[in-house]
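The structure appears below as structure tokens.
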Amino acid sequence: MLTRLSNAITDHLPPSLRRPCYDRRAVTAGIVHLGVGAFHRAHQAVYTDDVLAQDPRWGIVAASLRSPETYDALTPQDNLYTVSVRSQVGEDLRVVGAIQRIIVAPRAQDDLLDVMTDPRTRIVSLTVTEKGYCHDPATGALNEAHPDVVHDLAYPGAPRSALGFIIEALRRRQAKGVPPFTVLSCDNLPSNGRTVRQVLTRFAELGDPKFGRFVADEVSCPSTMVDRIVPATSDADRERIGAALGVEDAWPVVTEPFTQWVIEDRFPQGRPAWENAGAEFVADVEPYEHMKLRLLNGSHSTLAYLGYLAGYETVADTMADPAFVRLIEGLMDEEVTPTLHMPPGADLTSYKRALLERFKNPALKHRTWQIAMDGSQKLPQRLLGTTRDRLREGASVARLSLGVAAWMRYVTGIDEKGAPIDIRDPMAARLRDLADRAGGSAERLAEELFAVREVFGDNLPQDPRFTGAVRNGLKSLYENGAKRTVTSLPG
């Protein structure tokens, strides 16, 4: 059995391997991160790791809001882990040490609240996915009937949600005269800073209107744009990385060479010098956010649903099919790009070219099934916002609508060969009930799903240009299958 990765053996790792170039014992925690998933560990934690040698006050205390899996994997190895950057030319490994410790929130609520209340904590960042904000994706408003919101308002000292922990920690800081921390969303939400500020303010108002005004006026919530593809780690990844290191790493992360982080520079209590690690600080993130959400994420979701239905396991497999390359090129060039308004100097042509190469990366085993998760939360941001903009201009939404139709076909839970699909979505049971009511009819399925206001809102289901295009796409998916439908698209 291999020795476990830990502080004690970092000096004995292969000489070519990058590892923390600072004394981890001298690092103090300035950041609490909620949602310690693979993306955070491959993205924000890496940027932070790169600057800790310059300023050791910005170590990370990470919290898992649900599962103890990451805690159980990383705590025995001093919260060190390996980042594997894979491309066609090979694999580059580094050990990251930015995470000081991990807290499992459901069994250590007081511990997490104490760390968040500590004056040394000046940033609370989040990667809790769209569903972690307990909001209505179609409107951005707090879902006041969400079970976690109801619970956290009733029991503020024992929160379950990210919002509940943030509001209770801010309340305790205010009571002690400690300035509020900056709340930094790193999730793929439209105007994520404004969205988190909106739901936090409303959450606080429901408990105490005066405190709600304090949150609205005093808590800084910069918007960000994050970009890096991070597929799920496989057992094969663990075995390969362990062999290269000569030690066991229970939970490495695998990612691509490309990484981007654009951040509004609004940090009243200070921040790490992330710009020294390649982050870009700007006055307005929104153009970059739209670029990424619509070009990368919108294309990814389209590839995920259509690729899965066509029988392709990964994005790279899907993009090996020339018909899917034509689909994504047309989607990006003809339907998405006209909706973007980038600042001077932004090179959309190069960005799109890089996206196609990233999607084709065969070393990155990004499963279509993984990307297809939580579609009811993702569609409003990734495809429907672009669709609304195109409809306002009287422009075509043919490819955007096909992506939506593929989601409708996917959430029936039965693939083209009659096999079950493992749907992972907070609305999975409701969507499956609606699909069952449709009885295999494409027309009835579209009618049932258009009525899901949380996804489509009020206006889109009333626009025949959109509903007609979706119905046509769904009809073709049922009659011809995904592969023939994509192949038959005009070039």
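The values are calculated or read from the model by the stated rules, or taken from the named source; none is laboratory data. All of these numbers come straight from a predicted model, not from anything done at the bench. Every residue, glycine as well, gets a Cβ built from its backbone with ideal geometry; the counts of neighbours run over all protein chains shown.
Observations on the structure shown:
- Top-ranked residue of segment 437-472 - restricted to ones that are of a type in the set (Asp, Glu) and modelled with pLDDT of 95 or more, ranked as nearest to Tyr133 (Cα to Cα): Glu448
- Restricting attention to segment 175-205, the residues that are assigned to a helix (DSSP H, G or I) and free of Cβ contacts under 8 Å to residues at least 24 places away in the same chain add up to 3.
- Of the residues making up segment 324-358, those that are assigned to a loop (DSSP other than H, G, I, E, B) and at pLDDT 95 or above number 1.
- Pairs linking a residue in segment 464-487 that is closer than 15 Å to Tyr312 by Cα to a residue that is of a type in the set (Lys, Arg) and assigned to a helix (DSSP H, G or I), with Cβ atoms under 8 Å and 6 or more positions apart or on different chains, are Ala482/Arg409.
- Some residue of segment 93-110 being at pLDDT below 95, out of contact with any Ser or Thr (no Cβ under 8 Å at 6 or more places or on another chain) and buried (at least 18 other Cβ atoms within 10 Å of the Cβ): no
- One residue from Gly90, Gly140, Gly59 being out of contact with any Pro (no Cβ under 9 Å at 6 or more places or on another chain) and at pLDDT below 95: Gly90
- In segment 118-141, the residue that is farthest from Pro272 (Cα to Cα) out of those that are surrounded by fewer than 20 Cβ atoms within 10 Å (Cβ to Cβ) and among the β-branched types (Val, Ile, Thr) is Thr139.
- Only residues that are over 12 Å from Met408 (Cα atoms) and either at pLDDT below 95 or not aliphatic (A, V, I, L, M) (or both) were counted in segment 473-488, giving 9.
- Among the candidates Val253, Val262, Val196, the residue that is modelled with pLDDT of 95 or more, touching a Leu at 6+ places or on another chain (Cβ under 9 Å) and among the aliphatic types (A, V, I, L, M) is uniquely Val196.
- Conditions (1) more than 22 Å from the chain's Cα centre (by Cα); (2) farther than 15 Å from Gly35 by Cα; (3) part of a helix (DSSP H, G or I); number of the one not met by Val149: (1)
- In the set (1) out of contact with any helix residue (DSSP H, G or I) (no Cβ under 8 Å at 6 or more places or on another chain); (2) free of Cβ contacts under 8 Å to residues at least 40 places away in the same chain, the condition left unmet by Ile328 is number (1).
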